[in-house]
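Asker: What follows is a single structure, and I will ask about it in a moment.
The values are calculated or read from the model by the stated rules, or taken from the named source; none is laboratory data. All values derive from a computational prediction rather than experimental measurement. Quick reminder, even Gly has a Cβ in these numbers, built from the backbone with ideal geometry, and neighbours come from all protein chains shown. Just so you know, the surface numbers come from the protein's heavy atoms only, side chains and all, with ligands and any DNA or RNA stripped out. Shrake-Rupley method; radii C 1.70, N 1.55, O 1.52, S 1.80 Å.
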Amino acid sequence: MRKSGMPGAVLLAVAVLALAGCEKAKPSGQSLAQVNGEEITVHQLNAEVKSFPGSPPATLLEALVNRQLLVDAARKAKIDEDPAVLAELQKVRDTVLAQAYVNRRVGPIAPPTEQEIAQFYKDSPDSFAQRRQYEFGEAIIDPKDMSAKIEGFMVGKKSIDEIGSFLDGEHVPYRRESASRFSTELPTTMSESLRTMEPGTVFVVKENDQTLLVSLQSARSAPLSLAESTPQIRQLLTARKYTELVNAQIKPLKEAARIEYLARGEAIMKAAPQQAQPVKPPSQGEVASGDDGHIQRGIASMK
């Protein structure tokens with residue numbers, strides 16, 4: 001997305017979060033400024049111009065100077081020796097290197113054709129032509145307060161007010177909330193179940209730290225046309241092609257590498273619900289997924 005006229009303070013904040021304190025070899029090239037003996041070069045400025053196209057070079061150069069001042073202050077305060085900071089710096093460095101390797105090996109991604117976009121639209125009706133919007137009422141309780149009596153109550157159709165009145169009668173503390181979700185924001189299994197539910201149907205969502213007593217308040221059709229969906233589908237298919245190419249790069253590297261999980265790492269892998277994948281292309285049901293919230297997690301039962 002093009003960014004222009006960005007205030008210097010915002011540029012500074014973004015630059016500090018992304019780059020401050022990163023280990024780097026002193027870049028070669030013409031020196032534009034020096035801050036306490038540290039050079040700021042034209043290569044650094046060019047990198048900022050690439051990140052913030054349209055911003056005045058003077059603003060970007062000033063942001064580089066300000067960032068270097070903060071980096072110097074951080075070093076004097078020995079923040080660069082903090083283990084958490086060192087871990088973040090290593091993560092940034094490794095991410096940049098890995099991304100550069102992939103970009104050089106993969107090259108530009110061919111955009112999807114109009115035929116591919118139309119086919120994806122046709123194959124994903126729940127995401128586009130038959131997309132639906134759901135409104136939920138929730139009564140959130142502590143898992144320890146869940147009982148057989150509450151389980152028995154959560155059948156058939158009930159409003160959120162009825163659920164609240166029942167909990168009041170049982171002297172069970174709860175918190176009321178509401179949520180609105182498109183079918184594209186929900187797991188495929190839940191979206192399929194909701195499609196056949198009538199308003200007022202209740203179900204239970206159990207999580208580690210809370211239990212949700214949910215009433216489906218309303219459901220309506222919210223379709224998207226092919227024209228409306230095209231930018232989203234184009235982005236998704238491009239990302240899918242990219243992840244497939246990335247996985248193709250990772251596969252031979254993994255086959256040639258000697259990978260050994262030690263005791264703690266092996267325990268983490270065994271605890272995983274399914275085998276970890278290096279990169280997972282988004283599925284049709286994951287189109288435009290955002291912060292789905294607790295409504296879509298850990299469905300215990302849908303009665």
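Asker: Check V102, V71, V65 and return the single one that is under 24 Å from the mean Cα position of the chain (by Cα) and open to solvent by less than 60 Å² (accessible area, probe 1.4 Å). Outline the logic, then answer.
Answerer: Working: V71 fails: under 24 Å from the mean Cα position of the chain (by Cα); V65 fails: under 24 Å from the mean Cα position of the chain (by Cα).
V102 is the lone residue from the list that is under 24 Å from the mean Cα position of the chain (by Cα) and open to solvent by less than 60 Å² (accessible area, probe 1.4 Å).
Asker: With the structure loaded, tell me whether G285 is closer than 30 Å to I141 by Cβ, at pLDDT below 95 and part of a helix (DSSP H, G or I) or whether it fails that test. Can you show your working first?
Answerer: Values: closer than 30 Å to I141 by Cβ: yes; at pLDDT below 95: yes; part of a helix (DSSP H, G or I): yes.
Taking the combined requirement at face value, the residue satisfies it.
Asker: Of all residues in segment 228-240, which are β-branched (V, I, T) and surrounded by fewer than 16 Cβ atoms within 10 Å (Cβ to Cβ)?
Answerer: Just the residues of segment 228-240 that are β-branched (V, I, T), to begin with: 230, 233, 238.
Listed by number, the list holds a single entry, T238.
Asker: I'm trying to understand the selection: among the residues of segment 42-62, which are open to solvent by less than 60 Å² (accessible area, probe 1.4 Å) and hydroxyl-bearing (S, T, Y)?
Answerer: S55, T59
Asker: Can you tell me how many residues within segment 89-99 are open to solvent by less than 70 Å² (accessible area, probe 1.4 Å) and closer than 17 Å to N247 by Cα? Show your work before the answer.
Answerer: Step one: filter segment 89-99 for residues open to solvent by less than 70 Å² (accessible area, probe 1.4 Å), giving 89, 92, 98.
Narrowing further to those that are closer than 17 Å to N247 by Cα: 98.
Residues flagged as open to solvent by less than 70 Å² (accessible area, probe 1.4 Å) and closer than 17 Å to N247 by Cα within segment 89-99 amount to 1.
Asker: Would you mind stating whether I109 is among the β-branched types (V, I, T) and part of a loop (DSSP other than H, G, I, E, B)? Talk me through it step by step, then tell me what you get.
Answerer: Details: among the β-branched types (V, I, T): yes; part of a loop (DSSP other than H, G, I, E, B): yes.
Yes: the conditions hold for I109.
Asker: Continuing with this model, one more query. Taking the conditions exactly as written (closer than 30 Å to Q235 by Cα, open to solvent by 30 Å² or more (accessible area, probe 1.4 Å) and either of a type in the set (D, E) or not in a loop (DSSP other than H, G, I, E, B) (or both)), does Q130 satisfy them or not? If you could, list the steps in order and put the result at the bottom.
Answerer: Values: closer than 30 Å to Q235 by Cα: yes; open to solvent by 30 Å² or more (accessible area, probe 1.4 Å): yes; either of a type in the set (D, E) or not in a loop (DSSP other than H, G, I, E, B) (or both): no.
No.
Asker: I would also like to ask the following. Only one of these conditions is not met by S124: (1) open to solvent by less than 30 Å² (accessible area, probe 1.4 Å); (2) touching a Leu at 6+ places or on another chain (Cβ under 6 Å); (3) closer than 19 Å to K241 by Cβ; (4) not aliphatic (A, V, I, L, M). Which number is it?
Answerer: (2)
Asker: Which one of the conditions (1) assigned to a helix (DSSP H, G or I); (2) touching a residue at least 24 places away in the same chain (Cβ under 8 Å) does K50 fail to meet, given that it meets all the rest?
Answerer: So the condition that K50 fails would be (2).
Asker: While we're on this one: Looking at I117, I109, which is the one that is open to solvent by less than 50 Å² (accessible area, probe 1.4 Å), at pLDDT 95 or above and under 18 Å from T230 (Cα atoms)? Walk me through how you get there before you give the answer.
Answerer: Working: I109 fails: at pLDDT 95 or above.
None of the others qualify; the one that does is I117.
Asker: Please go through segment 241-260 and pick out each residue that is open to solvent by 30 Å² or more (accessible area, probe 1.4 Å) and touching a helix residue (DSSP H, G or I) at 6+ places or on another chain (Cβ under 6 Å). Steps first, answer last, please.
Answerer: First, the residues of segment 241-260 that are open to solvent by 30 Å² or more (accessible area, probe 1.4 Å): 241-242, 244-245, 247-260.
Those that are open to solvent by 30 Å² or more (accessible area, probe 1.4 Å) and touching a helix residue (DSSP H, G or I) at 6+ places or on another chain (Cβ under 6 Å): L245, Q249.
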